[in-house]
Amino acid sequence: MLRKLLIGTALGSGLAFAAHAQDVKEVEMLHWWTSGGEAAALNVLKEDLAKQGFAWKDVPVAGGGGDAAMTALKAMVAAGNYPTASQMLGYTVLDYAAAGVMGDLTETAVKEGWDKSVPAALQKFSVYDGKWVAAPVNVHSVNWLWINKAVMDKIGGTEPKTFDEFVALLDKAKAAGVIPLALGGQNWQEATMFDSVVLSTGGPEFYKKAFNDLDEEQLKSDTMKKSFDNLAKLVTYVDPNFSGRDWNLATAMVIKGDALVQVMGDWAKGEFNAAKKTPGTDFLCYRFPGTDGSVVYNSDMFGMFDVPEDRKAAQVALATATLSKSFQSAFNVVKGSVPARTDVPDTDFDACGKKGMADLKAASEGGTLFGSLAQGYGAPPAVANAYKDVVSKFVHGQIKTSDEAVTQLVNAIEDAK
Amino acid sequence: MTTVTTQIKLTPEHGARPDVSMRSRLQDALPKIVLAPSFAITIVFVYGFILWTVYLSFTNSKTFPSYTLTGPRAYQRLWRWTFESDPPSSWYTSITNMGIFGFLYIFICLALGLFLAILLDQKIRGEGVLRPIYLYPMALSFIVTGVAWKWFLDPGLGLEQTLHQWGWTSFHFDWIKNKDFVIYTVVIAGVWQASGFIMAMFLAGLRGIDGEIMKAAQIDGATTFQLYRRIVIPLLRPVFLSAFIVLAHLAIKSYDLVVALTSGGPGGSAWLPSNFMYEYTFKRNEMAVGSASAVIMLMTITAIIVPYLYSELRERPR
């Protein structure tokens, strides 16, 4: 019985091998871009590849943060069934590369000049051990304010340049009877806001040392305490019902004019676009006060797996198309992020996009482009989640003082390392 | 599992006789053949993976399973976290929540289920309509229950908002947003879902009680309260046990209810051990810690189920 089965399997795989002897003109792609705007953005890539004769096979796993997709990917890789590529975030790419399942795109990278055009900070996640293992699709930055212009005009506010001016602006909104700050009380949103607060309070050098290098001296410093105090100050401006709210509902509060401002990554712009709002006339995008000149980023990457020879051509085509200037522009215009290479023309982008691109270029050249700890680009997931725990417990009152918060942060990060 | 092993023990003596025809031999073997696949699948996919999880909990597995044993480090961390109550560690929150949720959920479901069953058992008209109405929530998945109750309990959308619109503006009910009370909203939703099912179990039990005993008690002058207190409820003991087991395992695995209802609660204050396990294994890439917490959950269930099985098996010879 067993022997028959073995023979059958051998025959079957033999047949499969024969059928695969020619190049497979198919790209198998695992991703979680299933919602309207994101799916539309991905369609641009599908059409690009279709023109070159490559079929597209989706392995979509819905769910915004990609947790479900990552679980599915783990199962696929464990079974030796690698997709051509998978949407991946930050340290996941490096984890898989360390496990030895990623492909090598260095040849393509050299030919296309990725080394020069992709910011060095991003290459930390797309290059492993000198080999290109992933193609960055976009760069999101999280230190943004999204403001409803009508409300801003009503209360007579101007762009806040410092944290104190920001607090004064929030006070104005409160006095006018508007919810000053729209926040979704989920741990990643709170931590995303705290990323900006830390950058604003301690400056770029401090942010890098604390949240990218995880330097304990900085983590338990007075500057970090002050950052927590500043966060506590901001939390007094949210509505009582904020706990557990989804980020897009918080954005909707700003769009509708119920709230003045949201601190959120530039994916929030997609919501404004979907509501047919124009930057400059309906809403305003400012850098988080005191963080102008620095960019705290996260980036979507297409991790490229070590697929069999006959599927490599399709993989190279996918990677080349992903980092082509035309796709980078077309995709990011729809998605709300900015291109992952700094030499893409900004003609098609709106005002916020243009600013985002200029900021990225400047930050990349000036060395002020930092990975967002909340978004998993500052440290591995265990540390990032421990950080989110502490920030969230501080916001919701399980951790009562900034002294305690700093101690907890140091312990939690030490524990997770 | 027990049935399979007894059959295996029984059959060889039959098959050993030479005059048994092919047909009857096949008939003897049939139950074994039919059960073999499911038996094998259970062995591998339940017990095999339990052992695998136990093994992983003693390794330093992170994103992927690693097979080098590194000792009980994961358990030591969990043990340390067990006593971190201020500010509460995620594990401390998870297990205290399990205690609160498990106790209230089981207790209220049993009490409410019994109460509803006794009321329905009063030979009332329209029982056929009422019974499915109570039973229906059990047909919903935890996700649906969670989302529906999330909207209902949300102060900005549901009950509080509605009552404010009706004019009762001092009404205040924000448990779902409150770190100290959010676990009780999980109890409310869980009880709403399961108590109808428990009612059906008790109703079946009540219908199984001999009417003669009731009549005899009534002739002896027992009041209705005494009748239930002294006769009916003691007779329902087996139903209590079954209902308890059903509720206990529902309680320990109600991961999806917490996620759908509270998405973890403010600052993770609604976590149960199952949420902890998933979070650590799949989101934080701390597979060893996740496995260790899963083993502890299994031990907890075992501590409940084994005495039950023991008492059931002991009673059989009577």
Cα-Cα over 18 Å: which of A:25/A:116; A:124/A:335; A:209/B:62; A:154/A:256? A:25/A:116; A:124/A:335; A:209/B:62
Ordered by number, the trypsin sites (Lys or Arg not before Pro) in segment B:99-181 that occupy a DSSP loop and have at most 11 other Cβ atoms within 10 Å are B:123, B:125
Take A:129, A:415 and order them by how many other Cβ atoms sit within 10 Å, fewest up front. A:129, A:415
Under a no-solvent Debye model with one identical scatterer per Cα of segment B:90-315, what's log10 I(q)/I(0) at q = 0.09, 0.11, 0.12, 0.18 Å⁻¹? -0.47, -0.68, -0.78, -1.28
Extension gain from residue A:236 to residue A:131, taking 0.36 nm per residue of separation minus the Cα-Cα distance: 33.1 nm
Using a 7 Å offset from Cα along Cα-Cβ at residue A:400, what residues in segment B:64-86 end up with backbone N under 14 Å from the label point? B:85-86
Only residues of segment A:146-184 count here: report those whose backbone N is under 12 Å from the spot 7 Å along Cα→Cβ of residue A:226, or say none. A:163-164
Rounded to whole angstroms and listed largest first, the alpha-carbon spread of the protein assembly as shown along its three principal axes comes to 90, 76, 49
Projected label distance in nm at residue B:175 and residue A:246, using a 7 Å step from Cα toward the beta-carbon: 2.5 nm
With 24 Å as the limit, write out which pairs from A:269/A:325; A:220/A:361; A:226/B:150; A:417/B:150 have Cα-Cα distances beyond it, or answer none. A:220/A:361; A:226/B:150; A:417/B:150
Relative contact order of segment B:90-315, please, whole-number percent, based on alpha carbon pairs below 8 angstrom and at least 6 residues apart. 31 percent
So for chain A, taking the charge dipole from beta-carbon charges (+1 Lys/Arg, -1 Asp/Glu), which of A:146, A:40, A:83 sits furthest toward the positive end? A:40
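Of all alpha-carbon pairs in segment A:59-127, indicate the percentage at a distance above 13 angstrom. Intermediate values should be presented prior to the final figure.
Details: 1636 of 2346 pairs.
Tail of P(r) above 13 Å: 70 percent of Cα pairs.
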Candidate cut points under trypsin sites (Lys or Arg not before Pro) in segment A:363-414, DSSP loop plus at most 15 other Cβ atoms within 10 Å of their own Cβ, are A:400
Have a look at B:95, B:305, B:219 and tell me which one the Gaussian network model of chain B (Cα, springs below 10 Å) gives the largest fluctuation. B:219
For chain A, what does the equivalent ellipsoid look like in terms of its semi-axes, each the square root of 5 times an eigenvalue of the Cα gyration tensor, given largest first in whole Å? 40, 24, 20
Segment A:384-400 versus segment A:113-163: alpha-carbon centroid distance in Å: 24 Å
FRET efficiency for residue B:73 and residue A:99 from the Cβ-Cβ distance with R0 = 22 Å, rounded to 0.05, comes out at 0.55
Between residue A:276 and residue B:147, what FRET efficiency follows from the Cβ-Cβ distance if R0 is 25 Å, with the result rounded to 0.05? 0.30
Alpha carbon centroid spacing (whole Å) that separates segment B:196-252 from segment B:59-105: 39 Å
Give me the distance in nm between label points sitting 7 Å out from Cα along the Cα-to-Cβ direction at residue A:78 and residue B:82, one decimal. 2.7 nm
Around residue A:309, under 13 Å between beta carbons, what's the net of Lys plus Arg minus Asp minus Glu among the other residues? -2
What stretch of chain B, leaving out the sites themselves, is the longest with no chymotrypsin sites (Phe, Trp or Tyr not before Pro) in a DSSP loop having at most 14 other Cβ atoms within 10 Å? B:172-318
What percent does the relative contact order of chain A come to when contacts are Cα pairs within less than 8 Å and at least six residues apart? 26 percent
In deg cm²/dmol, rounded to 500, what helix-only [θ] at 222 nm does the protein assembly as shown give when every DSSP H run of at least 4 residues adds -39500 (n - 2.57) and the total is split over its residues? -18500 deg cm²/dmol
For a quick check: with amide H placed at 1.01 Å from N, whose amide H comes under 5 Å from residue A:59's, ignoring anything fewer than 5 positions away on the same chain? A:29, A:30, A:31
Nothing charged except the Cβ atoms of Lys and Arg (+1) and of Asp and Glu (-1): what's the magnitude of the dipole of the protein assembly as shown about its Cα centre? Round to the nearest 20 debye. 2140 debye
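Would you mind checking the pairs A:312/A:388; A:208/A:233; A:57/A:111 and listing those with alpha carbons more than 30 angstrom apart? Please list the in-between numbers first.
Working: A:312/A:388 39 Å; A:208/A:233 23 Å; A:57/A:111 27 Å.
Violating the 30 Å limit, Cα to Cα: A:312/A:388.
How well do other chains shield peptide A:389-401, expressed as the mean number of their Cβ atoms within 10 Å of each residue Cβ?
The shielding value for this peptide is 5.
Report the equivalent ellipsoid semi-axes for segment A:140-198 in whole Å, largest first, defined as the square roots of five times the eigenvalues of the gyration tensor built from alpha carbon atoms.
Details: eigenvalues 90, 34, 23 Å².
Here the semi-axes work out to 21, 13, 11 Å.
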Plugging the Cβ-Cβ distance of residue B:227 and residue B:161 into 1/(1 + (r/R0)^6) at R0 = 56 Å yields, to the nearest 0.05, a FRET efficiency of 0.75
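On full extension of the chain, what length is gained from residue A:414 through residue A:115, given 0.36 nm per residue of separation minus the C-alpha to C-alpha distance? Write out the running numbers ahead of the final one.
Details: separation 299, 0.36 × 299 = 107.64 nm, distance 3.38 nm.
Extra length available between residue A:414 and residue A:115 comes to 104.3 nm.
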Relative to the present Cα-Cα distance, how much length would full extension add between residue B:303 and residue B:235 at 0.36 nm per residue of separation? 21.9 nm
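Just so you know, all these numbers are worked out from the coordinates, no wet-lab data involved. Since we're looking at a predicted model, the values are computed, not measured. Because the Cβ atoms are built from the backbone with ideal geometry, glycine has one as well, and the counts that use them run over all protein chains shown.
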